[in-house]
Each structure stands twice: as structure tokens, then as C-alpha cells.
Amino acid sequence: MSDGPTYGFDTLQIHAGARPDPATGARQTPIYQSTAYVFRDADHAAALFNLQEVGYIYSRLTNPTVAVLQERLATLEGGVGAVCCSSGHAAQIMALFPLMGPGKNVVASTRLYGGTVTQFSQTIKRFGWSAKFVDFDDLDALRDAIDDDTRAVFCESVANPGGYVTDVRAVADVADAAGLPLIVDNTSATPYLCQPISQGATLVVHSTTKYLTGNGTVTGGCIVDSGKFDWSASDKFPSLSAPEPAYHGLKFHETFGNLAFTFHGIAIGLRDLGMTMNPQAAHYTLMGIETLSLRMQRHVENAVKVATWLEDDPRVDYVTYAGLPSSPYADRARRCYPKGTGGLFTVALKGGYDACVKFVDSLEIFSHVANLGDTRSLVIHSASTTHRQLTPEQQQAAGAGPNVVRISIGIEDADDLIRDLDQALAKACG
Ligand SMILES: *Cc1c(COP(=O)(O)O)cnc(C)c1O
């Protein structure tokens, strides 16, 4: 499917980027399990290597199965291009790589996936990059945190672990006024519930490991480019606006226009960092995306039922689901996430740390795993696992205190989930 009428989300999640295989007519996208691709002749090879012609060279850079997934994700997010990579964390590094440099910083929300807090507060220092964390509900604090060395603003739309919801438009306006790109991690919302680009985001990153694949089979990541940022408006982004020595002085923005970031991500990012998605992973993720809207509807429906039940239970201290009318974010959720706020939230137990551990160990349908966004319901005690490397202050700021359990609601029968939670609470809370 290419030019033509504008199709709806349900149609695009099945068809975008894919067409019957030209060689065999295979209707499903084949897994092109090939490392390299034969050049037509030496001139063709030279044109490909000079980026004068687009085509397949070597699967570290591009692969036909992965390319279908890239086009599908770009379409669903409303971007111009996408680069897939080996994991969500790889996608974050790949998104920052063309923007950052030694001494430069990213201003990030305090409410992030625990692994991202660690990646940003510790590991990126090895590249000479740094992160400043602020509460993105406080737009003045966000403005104040941005300085001359800031090169990006980063947040999650629906944020881990508490299902906190970001007002992407408000954050994008601040980034825009500062002449900076906004990167939104849209993993927990998925493009079905939120399209950050339509609200002003420059880049969208995903852990495709989660809801997009949806069945807990493969890790993967993706960066979708809005194509809307003017990389040449200042001298802050030389990787995209200045001559690139590795391609004979080619300037990505001048040469590729609104596809500059995407081309850079493949021609420099994947070529030299090598965080490539393999075609098997792309296949599983393509299979998952075909049912994304159906699954997300059920995740939301179940999460509302379960969160409502938990909130009314006397053994429960509080539930953080933004989809509850009692949530301090209920108005924002209705305004910015009209189809719902996903299947992720935390529940705080009155019994504290000990009750949480016993609760997690007593569940039968829910699996205790370090994952989210599976068809299966999942649970984890963040403070002792995913958010373990964080300081107590960081844990509190991220909504992952010791009395809190993160729940990722699956697409099973809601009544069965509630019965399971009830019996585990009985064991945990006496
Ligand atoms: C899981 C996750 C990541 C990291 O993705 P991986 O595929 O595990 O590397 C990043 N952001 C969010 C919101 C996640 O849930």
C-alpha cells in the first residue's frame, strides 16, 4: 500500500509497509534471512555505498523484513521514516547519538522506566553525555533545566511504572521554544492510544519488546522520525547539518531533507554502532502489530475493571491508574488519551514491603517477570527489581517505592484476574 486514500488505524496495522512478495506472491511478509544482497553491477554497488541510491547492501544496515516493520511503525506513528534496532534501550542511544556530544545534556522526566533512569544517569556519562531529571508537570522547572548545552528533551507518554500520563503538547511547546527536539518514549501507550508526533514530538522511541510485539517473544526497538525538525536552524546539531567526513563531506540535512535523521540512523548509527534488529524479531513484531488495536482495547478495558476493584479494597492503600476518575490525572487522561491510558499501573499495599513480596509470590495467573505489555498479566515489585539500582529518592520520584507493586494487565478474563488478586491479597495481608 502506498499512495491512495487515507486508511484507518485497523487497516494500517495490518497492511502498512507490506505488499505480496514480488518473487513468490507470498501474502505474508517473508523472513528475509540473508546477510547480504547481490549488487546488479559495480556501478550499482558504488551508488549504494555513496548513498546515491537506496537499496540493500548488508543486514547490519537494512533488511527487507525489518524495512516492512520500519515503514509500518512510521505510518502508525505519523512519521516520515523509522529505524529499527535490537532493543528499546538501543533505540534510546540511537535517538540521542546524532544529537549529543561530549559535554552535552538531555533534560529528562523523573518518571521513566527504571532502566532508562540508570542508562541516563550512569551509562551515558561514559560518552561524555549527561541527563538532568525534572518533574515534567512543572513546566517552569523544565524551562529552567534547559541550558546552552541541552540537545534534547525526553519523556514517556504513559510513564512507567505508575501509568502517569504526560501532556506531550505542553512539553513539546517548551522544547520548541528552546529550539530543541522532543523525544517521546511511546512504549506503554503505543500509537493506538497516543501519537506523540501529532502533539509536537520530534522523535518517538519504542521498546517493540512490549505491546507492539505483545506476546513476550522478542526484544526490539525503534525510532520514528517526524521529519519536522529543522536540524540546520542552529549550529547545535552538526552530525545532521555539517559535512560528514565518513561520507566525503555529505551533509545529511541538506541532502536528505526531512529524512535526514532516518538516513543518519541507518548510514551512521546502524553502520557504526551495530545495534541491528534481526529479521526473525521483525517478523514476530509484525505479527503482533496486526492485532495491536484489538489488544490495546482489551488491555484498557481490563485495566479499568481491575484498578477500580483494587481501589475499593480495604487492603489497598492507593492505585495510580490515570484511567480512574479519582486520579489527579483524570482530566489530563481524558483530554490527551481519549482511548484510555493503557494497561500499566501500580498498587500500593497497606502492608508495605513485606506484604508486597508475599502478594507477588502468591499470585497464580499473574507472572512475576521483568516485562510489561504482554497478553499475559504480569506483576513485579519494582523497588526490589527494575528500580533496585535507584536511590530511595529516585524510587519515590519514579513512583516505585517499597510499598508499591507494578501491574501490567493482560487480555485474559478480567473476572479471573480479580479473583487471583483477591486470593493473593488474602495471603499477603492476613
Ligand atoms: C522496556 C522498556 C524500555 C527498554 O526496552 P528494552 O526492549 O527492554 O531494551 C524502554 N522504555 C520503556 C518505557 C520500557 O517499558
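Values quoted throughout were computed directly from the atomic coordinates according to the rules given, and no laboratory measurement underlies them. Quick caveat, the model's predicted, so the values are computed rather than measured. For neighbour counting, all protein chains shown are included, and Cβ atoms are generated from backbone atoms with ideal geometry for every residue, glycine included.
In a DSSP loop and with at most 15 other Cβ atoms within 10 Å, the trypsin sites (Lys or Arg not before Pro) in the range 167-261 are Lys228.
Taking the 0 to 90 degree range and rounding to the nearest ten, how far is the long axis of helix 292-311 tilted relative to the main principal axis of the chain, both from C-alpha atoms? For helix 292-311, the angle is close to 20 degrees. Its DSSP H runs of at least 4 residues, each contributing -39,500 (n - 2.57), put the calculated 222 nm mean residue ellipticity of the chain at -10000 deg cm²/dmol, to the nearest 500.
Legend: ranking of residues Val171, Val83, Val316, Val134 from fewest to most surrounding C-beta atoms inside 10 Å; resulting order Val316, Val134, Val171, Val83. Against the chain, whose longest principal axis comes from its Cα atoms, helix 64-77 is set at around 60 degrees. Applying a threshold of 18 Å to the alpha-carbon distances of Lys104/Lys132; Lys104/Lys236; Lys132/Lys210; Lys358/Lys427; Lys305/Lys339; Lys104/Lys251 flags Lys132/Lys210; Lys104/Lys251 as lying beyond it. The HN-Hα couplings worked out from phi for the range 151-160 by the Karplus form 6.51 cos²θ - 1.76 cosθ + 1.60 (θ = phi - 60°) are 10, 6, 10, 9, 8, 9, 6, 9, 9, 5 Hz, whole numbers, x standing for Gly and Pro.
With a Förster radius of 45 Å applied to the C-beta separation of Lys339 and Gln52, the computed FRET efficiency comes to 0.55. In this label model, Asp41 and Gln28 are separated by 4.0 nm, measuring between points 7 Å along each Cα→Cβ vector. In this label model, Met287 and Asp140 are separated by 5.3 nm, measuring between points 7 Å along each Cα→Cβ vector. Packing order of peptides 366-379, 146-159, highest average first: 146-159, 366-379 (average count of other Cβ atoms within 10 Å over each peptide's residues). Fully extending the segment from Gln297 to His368 would add 23.2 nm, taking 0.36 nm per residue of separation and subtracting the current Cα-Cα distance.
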